[in-house]
């Protein structure tokens, strides 16, 4: 045996990393590589906030590897070409990775595995980012579940998810393979540097993820029943760490099934249900190609979206709509790269139903500005709001942002955090009642069509 390559993608951690464990067990030199593939056809380029997070996460991962006698090799290009060249450079006779579930990524990985196997090189992939892989949770007809509740019921009846793998204390010697300088990838914003709010809000990397999970369990889980109130510290904030694989769902699952106080244990099922919604979106993505571009419910292809003027879109993008909850949410997004989930629903509904703007425009804006934007959750949740996806909200359900504000932020603590009280506010850009009726009329026209 001459050595192994471990190809990391959205699994930027050492703990509970089956591919890394396989590479260690393989024997010989170990090359740990991350490939920035922005060249393969069909691969969606990362948004600006995601690039910032990736830079920080790779920096953290490289430091962890170096503490254990290894290092992270960075290479950029089409993944089949990069992996082929890396095998030639290292003489590796084994390549290991954790599975991806998007249609383009699956095709790329299958091609690489076939090419390596034909050359007598061991090539193995592992389950690491989902508790239940998409082909394992199917209904009685062998098809994907299209409604969340029966999906969740079926998933709970599956064998218990495996226990997390421990973090390796040491790693084999690295190969002599060279890589790119991370700075040369130009992932960080410079002109201007708009990432100050992201730096203040987040600590990317495996250590930050582990700390957040423990802080949530110890200090916030008991208040999880107040998770819809955006001013409350009642959510986990783990979403970007899960998106980049700095923590695995197996680690989260078993921590929530581990030692808990009675007041914590009461809220654990509700939190795990939200973790399962993430899985449901990934199952939808696996079974529905081009989730960010094509309506799952094809009748929505006939929906009469407005061609909104650019100035209207800019008011939504930057939080100057004149509706306090929408504006606070969009400003939180622009500053921190995140938005409270309840507020995401209100801002998305406002765009799709009150402004009558195609959900794909909102999905693209969130893709560029969210640190936790992934192709399944981002697109799946936008299709849920629009009514065009799996188990979607009925189109006639329109989130009134003023009522949402009164219900979930009645003391305006969240709004004041993002919209200063002394700021001169613009007039509301639309009439909620009239635009709600316009949306319902448009829905009726679609159904008749």
Helix 103-118 axis, angle to the chain major axis (alpha carbon atoms, nearest 10°)
10
If I fit a long axis through the Cα atoms of helix 48-67 and take the longest principal axis of the Cα atoms of the chain, what angle between them do I get, 0 to 90°, rounded to 10?
30
Quick one: check the C-alpha center-to-center distance for the range 377-420 versus the range 181-206, whole angstrom.
28
Fully extended contour minus Cα-Cα distance, from residue 416 to residue 85, at 0.36 nm per residue:
113.8 nm
Over what distance in Å are the Cα centres of the range 337-365 and the range 119-143 separated?
32
Rounded FRET efficiency, nearest 0.05, which uses the C-beta distance separating residue 44 from residue 403 and R0 of 30 Å:
0.30
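Say R0 is 56 Å: what FRET efficiency, to the nearest 0.05, do residue 176 and residue 293 get from their beta-carbon distance? Let's see the in-between values first.
On the way: r = 43 Å, r/R0 = 0.76.
Computed FRET efficiency for residue 176 and residue 293 comes out at 0.85.
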Work out the FRET efficiency for residue 138 and residue 110 from their Cβ-Cβ distance, taking R0 = 30 Å, and round it to the nearest 0.05.
0.90
Cα gyration tensor of the range 3-128, axes a ≥ b ≥ c as square roots of the eigenvalues: rounded (a/c below 1.5), prolate (a/b > b/c) or oblate?
oblate
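How high is the relative contact order of the chain? Use alpha-carbon pairs under 8 Å, at least six apart in sequence, and give a whole percent. The partial results should precede the final answer.
Working: 711 pairs, mean separation 81.9, N = 449.
Answer for the chain is 18 percent.
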Average projected area of the Cα convex hull of the range 298-443, in nm²?
8.4
Cα centroid separation, the range 266-298 to the range 25-53 (Å):
23
Mean ellipticity per residue at 222 nm, deg cm²/dmol - from DSSP H runs of n ≥ 4 across the chain, formula -39500 (n - 2.57)
-13500 deg cm²/dmol
Give the angle, between 0 and 90 degrees and rounded to the nearest 10, that separates the Cα long axis of helix 268-287 from the longest principal axis of the Cα atoms of the chain.
80
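What ranking do 102-112, 371-381 get when scored by the average of other Cβ atoms within 10 Å per residue, highest first?
Working: 102-112: 16.9, 371-381: 23.9.
By packing density, highest mean first, the sequence is 371-381, 102-112.
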Any chance you could run the full-extension gain for residue 223 through residue 119? It's 0.36 nm times the residue separation minus the Cα-Cα distance, nm to one decimal.
31.9 nm
In nm, give the distance between the simple-model label positions of residue 314 and residue 156, each being 7 Å from the Cα along the Cα-to-Cβ direction.
5.0
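Can you tell me how much longer the chain between residue 301 and residue 2 gets when fully stretched, taken as 0.36 nm per residue apart minus their C-alpha distance, in nm with one decimal? Intermediate results must be reported in sequence, preceding the final value.
On the way: separation 299, 0.36 × 299 = 107.64 nm, distance 5.37 nm.
Going from the current span to full extension adds 102.3 nm.
No lab work stands behind these numbers, since they all come straight from the coordinates. Predicted, not measured: the structure shown is a model, and the values here were computed from it. Don't worry about glycine lacking a Cβ; one is built from the backbone with ideal geometry, like all the others, and counts go over all protein chains shown.
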